[in-house]
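Engineer: I have a structure here, written as structure tokens, and I will follow up with some questions on it.
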Amino acid sequence: MSSENGPTPPSERIVALDALRGFALLGILVINIRLFSMPEIVLSNPTVYSDFTGSNYWAWFVGHVFAEQKFITLFTILFGGGVLLFTENAKKKESSALTLFFKRSGWLIIFGLAHAYLLWYGDILVAYGVTALLVVYLRDHSAQSLCGLGVILLAIPSLMEILIGLSAQTSELASSFEPAQSALQAEIETYQSGWFAQMDHRLSTSITRQTESFIAYTFWRVAGAMVLGMALFKWGILTNKRSSQFYRRLLVGGGSIGLGLTLAGVAFIEMNDWGVSAIIFWQQFNYWGSFFLAGGYIALIMLFCRRWPSGLVTRGLAAVGRTAFSNYILQTVIATTIFYGHGLGLFGQVTRAEALGVVVCIWLVQLPLSVLWLRYFRFGPMEWLWRLLTYETIPPVRRQSD
């Protein structure tokens, strides 16, 4: 299909936006690797499982301060910007923007369901697809109103968790944040088993995430971040249109506040000796700090791309960003093959420091593979399939001169 009524060709893409998406996608794995390799509870209370001293403590600390919630926040903000980018491009090409967008989101939900139930319960695609169906109706609002609405949406789950923390009994919190060792061992044995044996846990966990957790928490955070991303896109912040001085101020301001809040949270929870009654409140520091640090990361990548627009790192990150959907699924395939029983069966067998080593190894696969792939093909395999289903025509596969 021609670019007049089909998907956006590579020549019209925004390199800084692609590089930022690639940066976010790679960073997400720093935290997702914990879910791939250890029981799920380690994200809420890392003290209940595995060694939490020495290099393993510092592996957790670095991941928590610089990555946890920051990269998924950044990725969600970019998805919100992508809502505007897609609908604006469709409108320019005289296509039915909403019809195409609904079809695109519907297929994303289907892909996400397959990802969650067949591969990994930690899927985010379903939440993105469902939330986007509502968020797209806000696309014509001003950047200022979108920013304000985004903050309101983000405040809802934060306030709900604080109220839960104030009202819940310690015994109730303990059952959530300090599961019995038998339950942890059961999860380990499940994922050290074969694919079919994993299904019960994968199905029940995915259903809970896509129903109760989505309504109570995920929808509000995802919607708020997407709406905020729409505002940042309209302000030109995501597309490298602001001044270098603006990005330097955002880097220093966002980075300082984000790191300050996150480090204050670490100090708070350690002063409370990781008590269960303090865990919900501890999480609020990082919840809000992640948005400020994500802003700092946006500024960092914009300045980097401005300084080295054709550099090796920029091209590598942009290649990962252009194939983000494929790389997201590839991360799951590689990690589950390493850690689950139908592969090497290393679930529960690696330390936090060793898990970070696995992350680096996966990066070393994804970066050169993405560059090499785009040398010969226009889209990643998942991106190509998504476009085929959305536009109902076959996009060109082989790369042509842009």
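Engineer: Please verify whether the range 20-38 includes one or more residues that are surrounded by fewer than 18 Cβ atoms within 10 Å (Cβ to Cβ) and outside any helix (DSSP H, G or I).
Structural biologist: Within the range 20-38, none of the residues are surrounded by fewer than 18 Cβ atoms within 10 Å (Cβ to Cβ) and outside any helix (DSSP H, G or I).
Engineer: Another question, if that's okay. Would you point out which residue out of Arg375, Arg315 is among the basic types (Lys, Arg), more than 28 Å from Ala59 (Cβ to Cβ) and touching a residue at least 40 places away in the same chain (Cβ under 8 Å)?
Structural biologist: On the way: Arg375 fails: touching a residue at least 40 places away in the same chain (Cβ under 8 Å).
Going through Arg375, Arg315 in turn, just one is among the basic types (Lys, Arg), more than 28 Å from Ala59 (Cβ to Cβ) and touching a residue at least 40 places away in the same chain (Cβ under 8 Å): Arg315.
Engineer: Search the range 135-150 for residues being in a helix (DSSP H, G or I) and out of contact with any helix residue (DSSP H, G or I) (no Cβ under 7 Å at 6 or more places or on another chain), and hand back the single one that is nearest to Ile279 (Cα to Cα). Quick ask: steps written out before the conclusion?
Structural biologist: Keep residues of the range 135-150 that are in a helix (DSSP H, G or I), which gives 135-138, 143-150.
Remaining after also requiring out of contact with any helix residue (DSSP H, G or I) (no Cβ under 7 Å at 6 or more places or on another chain): 137, 144-145, 148.
Details: Tyr137: 36, Gln144: 33, Ser145: 33, Gly148: 28 Å.
So the residue we want is Gly148.
Engineer: Need the failing condition index for Ser175 against (1) over 19 Å from the mean Cα position of the chain (by Cα); (2) in contact (Cβ under 8 Å) with a residue 24 or more places away in the chain, just the number.
Structural biologist: All conditions are met except number (2).
Engineer: Output the number of the condition that Glu392 fails; it satisfies all remaining conditions of (1) at pLDDT 95 or above; (2) charged (D, E, K, R); (3) loosely packed, with under 15 Cβ neighbours inside 10 Å.
Structural biologist: Going through (1) at pLDDT 95 or above; (2) charged (D, E, K, R); (3) loosely packed, with under 15 Cβ neighbours inside 10 Å one by one, Glu392 breaks only (1).
Engineer: For the range 329-341, what are the residues that are surrounded by fewer than 22 Cβ atoms within 10 Å (Cβ to Cβ) and over 24 Å from Gln181 (Cα atoms)?
Structural biologist: Passing the criteria: Ile329, Leu330, Thr332, Val333, Ile334, Thr337.
Engineer: Can you name the residue in the range 96-149 that is touching a Lys or Arg at 6+ places or on another chain (Cβ under 8 Å), more than 30 Å from Gly343 (Cβ to Cβ) and buried (at least 18 other Cβ atoms within 10 Å of the Cβ) and is also modelled with the lowest pLDDT among such residues?
Structural biologist: Ala97
Engineer: OK, next. Among the residues of the range 42-59 satisfying the criterion of being of a type in the set (Gly, Ala, Ser) and buried (at least 17 other Cβ atoms within 10 Å of the Cβ), which is farthest from Gln284 (Cα to Cα)? Steps first, answer last, please.
Structural biologist: Looking only at the range 42-59, we keep the residues that are of a type in the set (Gly, Ala, Ser), and these are 44, 50, 54-55, 59.
Add one more test, that the residue is buried (at least 17 other Cβ atoms within 10 Å of the Cβ), and what stays is 50, 59.
Details: Ser50: 24, Ala59: 21 Å.
Checked the range 42-59; the qualifying residue farthest from Gln284 (Cα to Cα) is Ser50.
Engineer: With the requirement that a residue be crowded, with 19+ Cβ neighbours inside 10 Å and hydrophobic (A, V, I, L, M, F, W, C), what does the range 351-361 give you? Lay out the reasoning, then the answer.
Structural biologist: Here is the first cut: in the range 351-361, the residues crowded, with 19+ Cβ neighbours inside 10 Å are 352, 355-356, 358-359.
Result: Ala355, Leu356, Val358, Val359.
Engineer: Now a separate question. Could you look through the range 383-400, keep only residues that are part of a helix (DSSP H, G or I) and out of contact with any strand residue (DSSP E or B) (no Cβ under 9 Å at 6 or more places or on another chain), and pick out the one that is farthest from Asn327 (Cα to Cα)? Write out each step before concluding.
Structural biologist: Of the residues in the range 383-400, the ones part of a helix (DSSP H, G or I) are 383-391.
Filter once more, so that each one left must be out of contact with any strand residue (DSSP E or B) (no Cβ under 9 Å at 6 or more places or on another chain): 383, 385-391.
Numbers: Glu383: 10, Leu385: 14, Trp386: 14, Arg387: 16, Leu388: 18, Leu389: 19, Thr390: 20, Tyr391: 22 Å.
Checked the range 383-400; the qualifying residue farthest from Asn327 (Cα to Cα) is Tyr391.
Engineer: Tally up the residues in the range 301-350 that are within 17 Å of the chain's Cα centre (by Cα) and polar (S, T, N, Q), please.
Structural biologist: Here the count works out to 5.
Engineer: Still on this structure, please answer the following. If I filter the range 83-96 down to residues being assigned to a helix (DSSP H, G or I) and in contact (Cβ under 8 Å) with a residue 60 or more places away in the chain, which single residue comes out as farthest from Val358 (Cα to Cα)?
Structural biologist: Narrowing the range 83-96 to residues assigned to a helix (DSSP H, G or I): 83-92.
Of the ones still in play, those that are also in contact (Cβ under 8 Å) with a residue 60 or more places away in the chain are 83-85, 89.
Numbers: Val83: 33, Leu84: 35, Leu85: 34, Asn89: 38 Å.
The extreme case among them is Asn89.
Engineer: Among Leu261, Leu317, which is the only one that is under 30 Å from Pro381 (Cβ atoms) and out of contact with any His (no Cβ under 6 Å at 6 or more places or on another chain)? Give the steps one after another, and end with the answer.
Structural biologist: Numbers: Leu261 fails: under 30 Å from Pro381 (Cβ atoms).
Among Leu261, Leu317, only Leu317 is under 30 Å from Pro381 (Cβ atoms) and out of contact with any His (no Cβ under 6 Å at 6 or more places or on another chain).
Engineer: Say whether the condition of being assigned to a loop (DSSP other than H, G, I, E, B), at pLDDT 95 or above and not hydrophobic (A, V, I, L, M, F, W, C) is met by at least one residue in the range 302-318.
Structural biologist: Looking through the range 302-318, none of the residues is assigned to a loop (DSSP other than H, G, I, E, B), at pLDDT 95 or above and not hydrophobic (A, V, I, L, M, F, W, C).
Engineer: OK, next. Hey, which of the helices (runs of 4 or more DSSP H) in the range 185-281, taking only ones fully inside, have at least 1 residues that are surrounded by 16 or more Cβ atoms within 10 Å (Cβ to Cβ), touching a Cys at 6+ places or on another chain (Cβ under 9 Å) and modelled with pLDDT of 95 or more? Break it down stepwise before answering.
Structural biologist: Details: elements: 195-210, 219-234, 244-271.
Filter on the range 185-281 gives 219-234.
The values are calculated or read from the model by the stated rules, or taken from the named source; none is laboratory data. This one's a predicted model, so the numbers in the text were calculated from it and none came from an experiment. Every residue, glycine among them, receives a Cβ derived from its backbone with ideal geometry; neighbour counts consider all protein chains shown.
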